[in-house]
Number of protein chains: 2
Amino acid sequence: MEAQLFVKMALIAWEGQVKRAGTLFNTLTDEQLLLEVTPGGNRGIYLLGHLVAVNDALLPLLGLGERLHPELENAFITNPDKSGIIMPSIAELRQYWSEVHARLADRFQSMTPEQWFQRHNSMTDEDLQKEPHRNKLSVLLSRTSHIAYHLGQEVLVKKQIAVQN
Amino acid sequence: MEAQLFVKMALIAWEGQVKRAGTLFNTLTDEQLLLEVTPGGNRGIYLLGHLVAVNDALLPLLGLGERLHPELENAFITNPDKSGIIMPSIAELRQYWSEVHARLADRFQSMTPEQWFQRHNSMTDEDLQKEPHRNKLSVLLSRTSHIAYHLGQEVLVKKQIAVQN
């Protein structure tokens, strides 16, 4: 019962950030997603692709299947923005955002509380025995703050648009 | 046992963000904390004061005592940056950051896992019965992402400094 409650709390926190970020990306036009969040900084298209790629990688990390879009890794994880690597269109990235988060929601739904407390796939059984707090649910907590971190950046584009108008 | 593990996971996530943000504020000079994170956006001094004020308010919200710096609310929570309200000096805010997070760490240390699952002080007993996931620990999860959100913004100042040099 308690484990179930923690998992619910962590999932609510996760879904809250996914929803806030998804809403923000939806309210910005393709043109606005090509603006840098700060002079010299990342563009919205990069932050969108980066969050899709990092969250997509939760699937194998949590033992929930293969990534839907492994091809995003090079442009959005391995390399920084404006590295010259060809990116999918913004329309495609918007669709991937929906797909990946729908797949994750579906897979999370099917996990038992006990599974969340198992080790994730970058750890050995010995690691987990020594550090039981480094489990699947701790990865989710960390990725939740990761969304918030980049959401805080992308929201600045709205400030810029307001200043320009 | 499980409750203890989950509290530990949530505290590790919290401390991680507090540490990352504290390190960033420490590496920025007073002058750099007066830069806007994006044209027209908040300055570092505001984000520093805002995070101190919001996190200080965890003390009464979680039933852990009075705020150390209630005087920050007007300049850093109720009002936006550059509203003309007098702020403490950056040196004072840096000191408050340390004080507030040391006090929180100390109080968190003394809480039992059970206490974390009690209602926070903006809720009634009936609220908690209906929604047991809205407890003290859920507030901590939410404040952890709140730090990450503004950390993501303040870190952009480093990008600006790099562009200027």
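The values are calculated or read from the model by the stated rules, or taken from the named source; none is laboratory data. Quick caveat: nothing in here was measured; it's all calculated off a predicted structure. Because the Cβ atoms are built from the backbone with ideal geometry, glycine has one as well, and the counts that use them run over all protein chains shown. Just the protein is used for accessible areas: all its heavy atoms, side chains included, with ligands, DNA and RNA removed. Shrake-Rupley method; radii C 1.70, N 1.55, O 1.52, S 1.80 Å.
Yes/no matrix, rows are residues, columns are (1) touching a residue at least 40 places away in the same chain (Cβ under 8 Å); (2) open to solvent by 30 Å² or more (accessible area, probe 1.4 Å); (3) in contact with a helix residue (DSSP H, G or I) (Cβ under 8 Å, 6 or more places away or on another chain):
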site: A:Trp97; (1), (2), (3): yes, no, yes
site: A:Val100; (1), (2), (3): yes, no, yes
site: A:Arg103; (1), (2), (3): yes, yes, yes
site: A:His120; (1), (2), (3): yes, no, yes
site: A:Asp127; (1), (2), (3): no, yes, no
site: A:Glu131; (1), (2), (3): no, yes, no
site: A:Arg134; (1), (2), (3): no, yes, yes
site: A:Leu141; (1), (2), (3): yes, no, yes
site: A:Val163; (1), (2), (3): no, yes, no
| query | Considering region A:113-145 alone, what residues qualify as being at the interface with chain B (Cβ under 7 Å from one of its Cβ atoms) and within 21 Å of A:Glu15 (Cα to Cα)? | reply | A:Leu137, A:Ser138, A:Leu141, A:Ser142, A:Thr144, A:Ser145
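So that you can scan it fast, the table gives a plain yes or no per residue for (1) crowded, with 19+ Cβ neighbours inside 10 Å; (2) acidic (Asp, Glu); (3) within 12 Å of chain A (Cβ to nearest Cβ):
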| site | (1), (2), (3) |
| --- | --- |
| B:Glu2 | no, yes, yes |
| B:Lys8 | no, no, yes |
| B:Leu11 | yes, no, yes |
| B:Val18 | yes, no, yes |
| B:Thr27 | no, no, no |
| B:Leu34 | no, no, no |
| B:Gly40 | no, no, yes |
| Given (1) of a type in the set (S, T, N, Q); (2) within 26 Å of B:Leu151 (Cα to Cα); (3) in a helix (DSSP H, G or I), number of the condition A:Ser83 does not satisfy | (3)
| said: For region B:97-112, check the following and say yes or no: at least one residue is of a type outside the set (Phe, Trp, Tyr) and within 14 Å of chain A (Cβ to nearest Cβ). | reply: yes
| Which one of A:Gly49, A:Gly65 is over 22 Å from B:Lys8 (Cβ atoms), outside any helix (DSSP H, G or I) and in contact with a helix residue (DSSP H, G or I) (Cβ under 6 Å, 6 or more places away or on another chain)? | A:Gly65
| field | Within region B:143-161, considering residues that are open to solvent by 40 Å² or more (accessible area, probe 1.4 Å) and over 18 Å from the mean Cα position of the chain (by Cα), the one modelled with the lowest pLDDT | value | B:Lys159
| task | Being more than 7 Å from every other protein chain (Cβ to nearest Cβ) and not basic (Lys, Arg) is the filter here, so list the residues in region B:147-161 that pass it. | result | B:Ile147, B:Glu154, B:Val155, B:Val157, B:Ile161
| query | Do we find that B:Leu59 is away from every other protein chain (no Cβ under 13 Å) and surrounded by fewer than 19 Cβ atoms within 10 Å (Cβ to Cβ) in this structure? | reply | yes
| note | In region B:42-56, anything under 12 Å from the mean Cα position of the chain (by Cα), open to solvent by less than 20 Å² (accessible area, probe 1.4 Å) and in contact (Cβ under 8 Å) with a residue 40 or more places away in the chain is listed as B:Leu47, B:Leu48, B:Gly49, B:Leu51, B:Val52, B:Asn55, B:Asp56
